[in-house]
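See below for the structure under consideration.
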Amino acid sequence: LCYIRNNTTLIKNKVQRNIPKKRSGTQYYDKAMTSFFDACIQSIQTFIDLDKIKVFIIASPGFTKENFYKYLCEQATSKGVVNFNQNRTKFVIVGASNAYKQALNEVLSDPTIQNKLKDTASTRQVKLLEEFYKTLKNNTDKVTFGPKQVKEANEQKAIKVLMITDTLFRAKNLKKRKEFINLVESVQANGGEYVLFSSQHFSGERLDEISGIAALLRFPLNLDYLDDEEEQPTKEDEQKEDSDQEDDEYTQMLVAEHEAANKLDYEYESFV
């Protein structure tokens, strides 16, 4: 059971039950499923206020999602699920390949969910990542990722949308941190857009998996030659790390400004 906010994804509870195969006997299967559904309803009552969310998403492989929603409707009155009937329209049922956190991107990419959450920042981030991976597959030269590649793309004023996680803004190396902030400002000066991803949100976790920085490009660029160049830290770089107090204060000020500019509300968007 997850809360999905603009900036964070919180796992509130896990409900697990051993479900026997139907061939073991319908009676045992039905009893196990009922126990599982009852535990899910109890979790909803414990962890969620339906009045405060925008969407309640029920997602699963197969027909489990439909069966749970049907059972929830039947039990809502008898078990006293708070405000269920008043919020019934918030419930959306979508398919998912599994019931783990990794499936959240798949779930939020569903057109029904995107329409429900069309004005929220997390949906914007999911759409951008979806566009990035689709373009990476079909037209590799129209996207790039990795600090060196993105910086080179910016030098050629090719960046349409820069995607970067707050992980890079919080790097221990203050010189590196300042470089990323300067990169963001340069992209904006060149007419590009930048989107800050939270590392505590599943979309930010996905971006961190590919270095934490990527870009959609205005025009194709072949940056493969950069893969052969290995950037080795100099002795001077190692000695300067975290040592320049003036740079520390300036960088922290810039980080605070960018985080404030990109601060998003923390109201719960959806519950899965």
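The values are calculated or read from the model by the stated rules, or taken from the named source; none is laboratory data. These figures come from a predicted structure and were not determined experimentally. When we count neighbours, we look across all protein chains shown, and the Cβ atoms used for this are built from the backbone with ideal geometry, even at glycine. Note: accessible area is taken over every heavy atom of the protein model, side chains too, but ligands, DNA and RNA are not part of it. Shrake-Rupley method; radii C 1.70, N 1.55, O 1.52, S 1.80 Å.
Step through the table entries 22/65; 14/52; 12/134; 52/160; 137/160; 14/90, compare each Cα-Cα distance with 29 Å, and write down the pairs that go over it. Cα-Cα > 29 Å for 12/134; 52/160; rest within. Within the shell of other residues whose beta carbon sits under 13 angstrom from the beta carbon of residue 63, the net charge comes to +2, with Lys and Arg scored +1 and Asp and Glu -1.
Taking all protein chains into account, the per residue accessible area for segment 88-150 stands at 52 Å² (1.4 Å probe). Here the label points at residue 26 and residue 83, each 7 Å from Cα along the C-beta direction, are separated by 3.9 nm in the simple model. Were the residues from residue 139 through residue 156 laid out at 0.36 nm apart, the gain over their Cα-Cα distance would be 4.3 nm. Once the C-beta distance of residue 173 and residue 67 is scaled by a Förster radius of 45 Å, the resulting FRET efficiency is 0.30 to the nearest 0.05. With kT/(6 pi eta Rh) evaluated at 20 °C and eta = 1.002 mPa s, and Rh the Kirkwood radius from Cα pairs, segment 154-227 diffuses with a coefficient of 167 µm²/s according to Stokes-Einstein.
Accessible surface for segment 161-233, divided over its residues, is 47 Å² per residue with a 1.4 Å probe. Sketch the reach of a paramagnetic label on residue 10 as a point 7 Å from Cα along Cα-to-Cβ, and name the residues of segment 36-69 whose backbone nitrogen lies under 18 Å away. Inside the label zone: 43-57. For segment 1-118, the residue among 18, 68, 83 whose Cα projects farthest onto the positive side of the dipole built from Cβ charges is 18.
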